[in-house]
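Worksheet: one structure, shown below.
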Amino acid sequence: WSLLWNMPVHELMPFIGIGLIMWSYLSQVLMDCTRVFVDQGSLYRNQKMNFSVSIYSVIYKNTIMLVHSLAIVVVVIIIFEVPINWYLMQIVPAFLLTWIVMVWFGYLIAMICVRYRDIIQLITTWFTVLIYLTPVFWKPDFIPREHQWIIQFNPFAQFLEILRNPLLGQPVSSN
């Protein structure tokens, strides 16, 4: 990737590594939400349980997996000498905002997918496309100005930025 984008490895590797871990987290939560009501349907039939518990469990499970993956992020930060500064504190509100949005969006996806089962395959396929439309492997400034709308209207790009930039020692941009 470094040769393809004509960038030094020490600058691109942390960007791609942290971005890929955060993308995996975001996409896995939402893909797990597509089947959560179907997979846990017996719990709803046998006992009185709130539907949101299933969404919380999906987010909790994937957050635990993310915490395990953060060991890789720490290694990348140390090896590639990513600056550690006060911008790192932005990760706390970034995760809070991400979890809040994941709860309602995961709930919405789960409700749609329990009614229309074919949407599950559609969402899975679209996540394969979205990884290339989201700046995971490429930096947002690589796109010409007239095509910046690809990033501006992509909610995954926004969440990826607020989760990745603090770990890279960079501020979260306001645009």
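The values are calculated or read from the model by the stated rules, or taken from the named source; none is laboratory data. Because the structure is predicted, anything quoted here is derived from the model rather than measured. Neighbour counts are summed over all protein chains in view; Cβ atoms, including those assigned to glycine, are modelled from backbone coordinates with ideal geometry. Protein only, heavy atoms only, side chains kept; ligands, DNA and RNA dropped before computing areas. Shrake-Rupley method; radii C 1.70, N 1.55, O 1.52, S 1.80 Å.
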Notebook entry, point to check: Rounded to two decimals, what ratio of Rg to Rh does segment 114-167 give with C-alpha atoms and a Kirkwood Rh?
Noted result: 1.08
Notebook entry, point to check: Could you state the per residue volume, in Å³, of the convex hull enclosing the Cα atoms of segment 19-111?
Noted result: 92
Next item on the list: Hey, for a label at HIS10 modelled as a point 7 Å past Cα toward Cβ, could you say which residues of segment 141-175 have their backbone N under 16 Å away?
Entry: 169
Margin query: Could you check the spin-label model distance between THR63 and SER24? Points 7 Å from the Cα along Cα→Cβ, value in nm.
Written below: 2.0
Note to self: What is the percent carbon and sulfur in the accessible area of the chain, measuring with a 1.4 Å probe over the protein chains and ignoring ligands?
What the structure shows: 68
Note to self: Counting each pair of different Cα atoms once, what's the Kirkwood radius of segment 62-175 in Å, rounded to one decimal?
What the structure shows: 16.1
Item checked: Helix-only CD estimate at 222 nm, as mean residue ellipticity for the chain, using -39500 (n - 2.57) per DSSP H run (n ≥ 4) -> -22000 deg cm²/dmol
Item checked: For segment 69-79, 3J(HN,Hα) per residue [Karplus equation, 6.51 cos²θ - 1.76 cosθ + 1.60, θ = phi - 60°, Hz, x = Gly/Pro] -> 6, 5, 4, 5, 4, 4, 4, 4, 4, 6, 5
